[in-house]
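One structure below.
Every number in this text was worked out from the coordinates using simple rules, so none of it is lab data. Keep in mind that what you see is a predicted model, and the values were worked out from it rather than measured. Positions of Cβ are backbone-derived with ideal geometry, glycine not excepted, and every protein chain shown enters the neighbour counts.
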Amino acid sequence: MATRSAALKIDWAKVSTSLGLRGQTATSLQAFKKRNDDARRKVQVLSEQPQTVDFAHYRGVLKNQAIVDEIEKHFKSFKPATYDVARQLKAIDAFEAQAVQNAEQTKGKVEAELQNLQKTLENIETARPFEDLTVDEVASAQPEIDEKTASLVSKGKWMPPGYKERFGDLSAV
Amino acid sequence: MPQLVPFFFVNQVVFAFVILTVLIYTFTKFILPRFVRIFISRIYINKL
């Protein structure tokens, strides 16, 4: 009964909207809800049907008492089949623990990423414009510049390739 | 006339070579690499 009341308490429409579920998760949730509804409806229909048999009436009506006795015996000895759901429940618990762990991990990752982004944003906001930068600052931010300079100078090249094509040539000769 | 001073041309030749050497050294070691560095920095910040 406890699970049934829990299922009744869930506001299904709210679950899918408030959690922002999309795609496969939403469809599987819908399917699960449908299964739950179907099962509940079936239980409702079956529990409305009469569950007792008036054997005295049949004994009065039928001549063959033996068959009534046999049926009554069978009826009394009938027990509804019980299913052991402990294993499924355990599996669900394990799955939930795994899911919670995954969610925690993702949360940590997202938080780290957020911090990183915040730092980057701060960096961008406090950065000075290009006009105020010096060559030393640019070179210290990108050590590759010094390496490239050294390699060009050691080859005796005083103009980086592609510079003139890009920015024009101011030399008079 | 100064050309008539003894060893005047030797002096000229010596100073010419010394000055040329110093010029080439300072340009290759200090001045031109600075220009190259400026050019490469310009290419880099234009790529950003």
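Details
- In this label model, B:ILE38 and B:PHE8 are separated by 4.1 nm, measuring between points 7 Å along each Cα→Cβ vector.
- Sorting the segments A:128-135, A:47-54 by their mean number of nearby beta carbons within 10 angstrom, highest to lowest, gives A:128-135, A:47-54.
- Local electrostatic count at A:PRO143 - Lys and Arg +1, Asp and Glu -1, tallied over other residues with Cβ under 15 Å: -3
- Kirkwood Rh and Cα Rg combined as Rg/Rh, chain B: 1.45
- Taking every residue in B:23-33 and counting other chain Cβ atoms within 10 Å of its Cβ, the average works out to 2.
- Packing-based order for A:158-165, A:111-118, using average beta carbon neighbours within 10 Å, highest first: A:158-165, A:111-118
- More than 25 angstrom apart: percent of Cα pairs within segment A:23-143: 68 percent
- Remark: the A:ASP38-A:VAL173 segment gains 39.6 nm on full extension, using 0.36 nm per residue and subtracting the alpha carbon distance.
- The Kirkwood radius of segment A:51-93, taken over pairs of alpha-carbon atoms, gives through the Stokes-Einstein law at 4 °C and 1.567 mPa s a diffusion coefficient of 99 µm² s⁻¹.
- Shape descriptor for the protein assembly as shown: Rg over Rh equals 1.57 (Cα atoms; Rh from the Kirkwood inverse mean 1/r).
- Using the Cβ-Cβ distance between A:LEU19 and A:GLN101 with R0 set to 30 Å, the FRET efficiency works out to roughly 0.95.
- Contour minus Cα-Cα distance for A:LYS90 and A:LEU133 (0.36 nm per residue): 9.2 nm
- Relative packing of peptides B:32-38, A:40-46 - highest average C-beta neighbours within 10 Å first: B:32-38, A:40-46
- For the set A:LYS155/B:LYS47; A:LYS34/A:LYS107; A:LYS14/A:LYS119; A:LYS33/A:LYS73; A:LYS157/B:LYS47, the pairs lying more than 28 angstrom apart at their alpha carbons are A:LYS34/A:LYS107; A:LYS14/A:LYS119; A:LYS33/A:LYS73.
- Degrees, to the nearest 10: A:23-48 long Cα axis against longest axis of chain A: 10 degrees
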